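The values are calculated or read from the model by the stated rules, or taken from the named source; none is laboratory data. Predicted model, so just to flag it, every value in this text is computed and none were measured. Counting neighbours? That spans all protein chains shown, and the Cβs are built from the backbone with ideal geometry, glycine included.
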Amino acid sequence: MENNYEKGLVACPVEVALNIIGGKWKGVILYKLRVGTLRFSELKRRMPRVTQRMLTLQLRSLEEDGLVERTIYPEVPPRVEYNLTELGQSLSPVIDQLMVWGVHYQQAQGVSE
């Protein structure tokens, strides 16, 4: 007997997950933040191919989804730091497996860094 998920009445859990962490930069941001809290400038430096605007948009989206926490310090100039929330940290095993698969794929395709 089909359940509501199989009937298409509720969103596929994989679809939900990919809508939240999908895209070119969100997974990379989550991967970079696994080491701990990073300032915006540190994140940008670790992701040289992303534009500042795109990084800002992706961080805001991850924050809205409850995966990333932003802390603003009232300094001049203002200091902004990002870290994973508990929910964001729960994605670490998934991000680890994506990294392992990415290495495997690169090797299988003969792609080097």
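Values as computed for the structure displayed
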quantity	calculated
Single residue of the range 48-94 satisfying the filter (loosely packed, with under 15 Cβ neighbours inside 10 Å, part of a helix (DSSP H, G or I) and among the hydroxyl-bearing types (Ser, Thr, Tyr)) that is farthest from the chain's Cα centre (by Cα)	Thr56
Number of the condition not met by Gln107 [criteria: (1) of a type outside the set (Ser, Thr, Tyr); (2) surrounded by 10 or more Cβ atoms within 10 Å (Cβ to Cβ); (3) closer than 26 Å to Ser41 by Cβ]	(3)
Matching option when the condition is among the small types (Gly, Ala, Ser) and at pLDDT 95 or above, among Gly88, Gly23	Gly88
The range 21-47, residues that are touching a residue at least 60 places away in the same chain (Cβ under 8 Å) and surrounded by fewer than 17 Cβ atoms within 10 Å (Cβ to Cβ)	Arg34
Arg39 vs. criteria modelled with pLDDT of 95 or more and basic (Lys, Arg)	yes
